[in-house]
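A quick write-up on the structure given underneath.
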Ligand code: PFF
């Protein structure tokens with residue numbers, strides 16, 4: 001396929017459908033399949049849908065539009081797009097890119113586990129004691145320490161995942177990323193609908209759905225439930241990571257941005273709810289087999305749900321092998337289309353700043369990120385490190401990023417009216433002033449309350465009884481790494497001419513925007 005290049009020489013998606021599929025590919029990921037069902041269940045079941053919808057409407061969609069507006073108007077990856085908006089905000093772009101880099105390092109490890117389990121599903125190799133198999137035989141989890149003992153069963157698929165990521169990114173926007181999404185996303189939806197239909201016909205499925213959807217209204221009074229809803233939406237929609245800025249920058253100049261955004265947001269949430277239904281119908285079956293209730297089952301969240309509880313259910317299920325193979329194939333497809341969005345964002349930012357060709361920077365970034373990923377996560381201490389880095393990156397890193405973005409755009413540099421005009425000039429779904437109220441007031445207020453509460457609990461209570469030195473290294477160390485990385489990358493001079501000198505389209509006659517570039 002020939003590359004699609006816009007009037008300004010920038011590579012573009014070949015159509016809006018290509019863009020939407022790629023953006024859905026980024027959004028629909030491991031977060032939808034193993035994170036959402038457990039979070040919803042823990043946070044009030046059916047009642048969770050209320051904070052979830054509030055988070056989607058007050059922060060999710062508005063910040064998605066903000067990412068799109070910045071990327072589409074300034075036609076660059078996050079650091080350069082922010083710099084073109086207002087020079088000093090480049091650092092925020094790097095903060096988001098380094099944070100994405102950290103996420104990719106561990107996200108790849110979970111995809112690698114899914115690759116192993118895809119193979120194991122053919123002969124149900126995990127045996128009857130699935131917990132012992134996962135943490136003992138497979139991951140060989142040890143104490144919280146820094147181990148250098150490599151686990152080959154993790155290292156080999158992990159290296160393969162990184163090679164695949166490198167190849168797709170190096171092939172570019174149209175031939176690599178878009179093509180993979182055009183194949184994987186429809187396939188993923190079909191495979192997943194098949195899984196859900198099968199799950200719904202299992203005995204006990206109805207009890208599983210009752211467990212998920214029976215509302216516990218008292219949960220609404222609990223701040224942590226609201227926090228869970230907001231962090232789920234951020235991670236799930238891939239917003240405030242700089243990644244959607246990058247994806248929007250590859251969209252053609254005349255492109256209906258807000259309508260695409262609505263399609264992406266609703267596709268992502270629908271997939272999330274579908275995953276909730278599939279997972280809980282399956283758990284209902286498990287409870288039915290064990291003559292107990294879903295509430296009595298353990299291991300309903302995070303990696304344990306997919307890699308311990310699901311294999312146990314698959315053992316019991318008639319036709320379990322096919323179910324297992326399709327389930328792990330779905331995890332791989334969902335995860336892979338998300339990780340390539342992250343790596344494309346990082347590689348394209350490096351390419352713009354250092355004047356490297358896109359292929360060269362794809363190779364450089366994948367090799368560096370892949371090496372760190374294999375070194376840290378294929379050892380016997382991988383699972384604990386992964387969980388700790390995830391806590392800090394998702395609960396602190398991304399929330400700081402979103403608050404900073406809202407305050408800088410709306411209050412410090414006052415670009416929200418301009419960005420609203422941009423969205424309305426190119427899109428059919430017009431955004432009203434409500435959008436500015438959401439990104440300028442509602443979202444930052446909610447997010448600040450969340451951040452303070454989370455900081456308090458991590459500082460006062462630590463995390464999972466892990467030793468302080470360990471939390472310092474992998475938890476706070478993650479945040480320090482992102483801050484230092486962002487500062488260094490901002491200070492390095494741009495290669496060649498300052499690309500901040502740029503004339504945005506369409507012209508909206510905004511004086512502040514013109515002055516900012518001088
Ligand atoms: N949205 C992805 C998921 O739900 O699994 C994860 C993700 C992708 C987060 C891309 C951040 C990102 F930039």
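The values are calculated or read from the model by the stated rules, or taken from the named source; none is laboratory data. Because the structure is predicted, anything quoted here is derived from the model rather than measured. Glycine also receives a Cβ, built like all others from the backbone with ideal geometry; neighbour counts cover every protein chain displayed.
Observations on the structure shown:
- Residue that is surrounded by the most Cβ atoms within 10 Å (Cβ to Cβ) [pool: residues in the range 488-518 that are touching a helix residue (DSSP H, G or I) at 6+ places or on another chain (Cβ under 7 Å) and part of a helix (DSSP H, G or I)]: 513
- Filtering the range 23-36 for residues that are more than 11 Å from the ligand (Cβ to nearest atom) and either assigned to a helix (DSSP H, G or I) or over 17 Å from the mean Cα position of the chain (by Cα) (or both) leaves an empty set.
- Unique match (being surrounded by fewer than 22 Cβ atoms within 10 Å (Cβ to Cβ), touching a strand residue (DSSP E or B) at 6+ places or on another chain (Cβ under 9 Å) and touching a residue at least 40 places away in the same chain (Cβ under 8 Å)) among 380, 428, 359: 380
- Whether a residue is within 21 Å of the chain's Cα centre (by Cα), at pLDDT 95 or above, within 15 Å of the ligand (Cβ to nearest atom) and surrounded by 24 or more Cβ atoms within 10 Å (Cβ to Cβ) was assessed, and residue 40 does not pass this test.
- Hey, residue 204 surrounded by fewer than 23 Cβ atoms within 10 Å (Cβ to Cβ) and at positive phi or not: yes
- Any chance residue 342 is surrounded by fewer than 22 Cβ atoms within 10 Å (Cβ to Cβ), within 16 Å of the ligand (Cβ to nearest atom), within 21 Å of the chain's Cα centre (by Cα) and touching a residue at least 60 places away in the same chain (Cβ under 8 Å): no
- So residue 216, is it under 25 Å from residue 45 (Cβ atoms), in contact with a helix residue (DSSP H, G or I) (Cβ under 6 Å, 6 or more places away or on another chain) and surrounded by fewer than 18 Cβ atoms within 10 Å (Cβ to Cβ): yes
- Hey, residue 129 under 17 Å from residue 309 (Cβ atoms), surrounded by fewer than 20 Cβ atoms within 10 Å (Cβ to Cβ) and out of contact with any strand residue (DSSP E or B) (no Cβ under 9 Å at 6 or more places or on another chain) or not: yes
- From 255, 248, 267, residue being surrounded by fewer than 24 Cβ atoms within 10 Å (Cβ to Cβ), touching a residue at least 24 places away in the same chain (Cβ under 8 Å), within 16 Å of the ligand (Cβ to nearest atom) and closer than 27 Å to residue 67 by Cα: 267
- Residue selected from the range 315-325 under the condition touching a residue at least 60 places away in the same chain (Cβ under 8 Å) and surrounded by fewer than 18 Cβ atoms within 10 Å (Cβ to Cβ), by the criterion farthest from the chain's Cα centre (by Cα): 319
- Lone unmet requirement of (1) touching a residue at least 60 places away in the same chain (Cβ under 8 Å); (2) more than 16 Å from the ligand (Cβ to nearest atom); (3) farther than 22 Å from residue 236 by Cβ for residue 5: (1)
- Elements of type helices (runs of 4 or more DSSP H) contained in the range 345-417, each with 1 or more residues being at pLDDT 95 or above: 358-377, 398-406
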